[in-house]
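J.: Handing you this structure, nothing more for now.
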Amino acid sequence: MEGLAVFGMSLGLVVVGLVVGRIMENNHLRQLAVREQQLRGVVACNLKRIPPSLNIQQCFLVTGSAVIATDYFKIFVAGLRNLFGGEMKSYRSLMERARREATVRMMEQAAHEGAKIIWNVRYETTCIGGQEKKKPGGVEVIAYGTALKTA
């Protein structure tokens, strides 16, 4: 009977963790959508060459970084997926959130400085701790580019 109670509590905690994690992730994605909508006047592209038709007044580096942590549930699901193969959707959502957050922060910095265009946008990604020990870790994404003020 004790074993059943422990199993029930463990299962309950996993379900609570899953629900709370999903709610927090969805809230973050909604907030990102609002911030992206507010920044729709700032254009970001990955092209290397600036068109000669742009009348550039000033250019400067802008960056944005985000660290998004994973949780035990995502590690557990990724471990199962690793056994059977296939796409790790739990980590895909983690990377998507980190990329979008870093991009929004970079665009906010450009907008704050008065730039409307970010050229040559690049991303760097790093896994942070815990991944090899089956403990929660996270991912860091850094977005950077050249912000342009035009006449």
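Bear in mind these aren't lab numbers, they're just calculated from the coordinates by the rules spelled out. Note that the coordinates shown come from a computational prediction; the quantities given were computed from them, not determined experimentally. Here the Cβ positions follow ideal geometry from the backbone for every residue, glycine too, while neighbour counts run over all protein chains shown.
J.: Just to verify a number: FRET efficiency for residue 61 and residue 29, C-beta to C-beta distance, R0 = 25 Å, to 0.05? The partial results should precede the final answer.
T.: Details: r = 28 Å, r/R0 = 1.11.
So the FRET efficiency works out to roughly 0.35.
J.: Now a separate question. Among the aspartates and glutamates, which have Cα under 18 Å from the Cα of residue 149 when same-chain residues fewer than 8 positions away are ignored?
T.: Excluding near neighbours in sequence, the set is 108, 113.
J.: Could you tell me which residue out of 109, 37, 148 lies farthest along the dipole of the stretch 2-150 toward its positive end? Charges go on the beta carbon: Lys and Arg +1, Asp and Glu -1, centred on the Cα centre.
T.: 148
J.: So if each residue of separation counts as 0.36 nm, and I subtract the Cα-Cα distance between residue 83 and residue 120, what length gain in nm does that give? If you can, show how the numbers build up before the last one.
T.: Working: separation 37, 0.36 × 37 = 13.32 nm, distance 3.86 nm.
Extra length from residue 83 to residue 120 when fully extended: 9.5 nm.
J.: Right, another one. Taking each full run of DSSP H in the chain as one helix, which ones are at least 20 Å long along their axis (Cα atoms) and have mean Kyte-Doolittle hydropathy of at least -0.5?
T.: On the way: long enough: 2-38 (54 Å, 0.52); 89-112 (34 Å, -1.10).
Counting only whole DSSP H runs, the qualifying helices are 2-38.
J.: Report the label-to-label distance for residue 93 and residue 4 in nanometres (one decimal), using points 7 Å from each Cα along the Cα→Cβ vector.
T.: Modelled inter-label distance: 3.3 nm.
J.: Rounded to the nearest 500 deg cm²/dmol, what is the calculated helix-only ellipticity per residue at 222 nm for the chain, with -39500 (n - 2.57) per DSSP H run of length n ≥ 4? Could the numbers behind the result be given before it?
T.: Details: 3 runs with 74 residues, N = 151.
So the calculated ellipticity at 222 nm is -17500 deg cm²/dmol.
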